[in-house]
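Below is one structure, written out as structure tokens, with a few remarks after it.
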Amino acid sequence: MLVWMLRNVMADRGIWSGAALARLLKEKAGYHISAPSISALLNGQPKQMKADTLDALCTALDCTPNDLWVHTPSKYKGA
């Protein structure tokens, strides 16, 4: 199972709002993202993500994809 950790990564860097994240993405990564897209990233686990968006988040937040998602192996119930 993948757990989306964007809010934790933001908090570790003192970023508390979607507007602040949008400004950071624009300043550090030259990436524009709409307010609804920011809201979706902050309020739920993404089902899919463009590589450009992931790259911009990692650049702006000075992190790696491994910081944004935490993987916990699923418990497989098989034969």
Could you count how many residues in region 38-65 are at pLDDT below 95 and closer than 11 Å to Met5 by Cβ? 1
Regarding region 16-29, can at least one residue be identified that is surrounded by 15 or more Cβ atoms within 10 Å (Cβ to Cβ), in contact with a Cys (Cβ under 7 Å, 6 or more places away or on another chain) and not polar (S, T, N, Q)? no
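The rows are residues; the columns are (1) open to solvent by 50 Å² or more (accessible area, probe 1.4 Å); (2) touching a Cys at 6+ places or on another chain (Cβ under 8 Å).
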site	(1), (2)
Trp4	no, no
His32	yes, no
Ala35	yes, no
Ala40	yes, no
Lys50	yes, no
Thr64	yes, yes
Leu68	no, yes
Among all residue pairs at least 6 apart or on different chains, which show Cβ distances below 8 Å where the first residue, located in region 31-58, is in a loop (DSSP other than H, G, I, E, B) and the second is surrounded by fewer than 13 Cβ atoms within 10 Å (Cβ to Cβ)? Tyr31/Asp52; Gln45/Leu2; Gln45/Val3
Selection within region 11-30 - under 26 Å from Met1 (Cβ atoms) and in a helix (DSSP H, G or I): Ala11, Asp12, Gly18, Leu21
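The values are calculated or read from the model by the stated rules, or taken from the named source; none is laboratory data. Note that this is a predicted model, so its numbers are computed, not measured. A quick note on method: Cβ atoms are made from the backbone with ideal geometry, for glycine too, and the neighbour counts reach across all protein chains shown. The accessibility values were calculated without ligands, DNA or RNA, using every heavy atom of the protein model including side chains. Shrake-Rupley method; radii C 1.70, N 1.55, O 1.52, S 1.80 Å.
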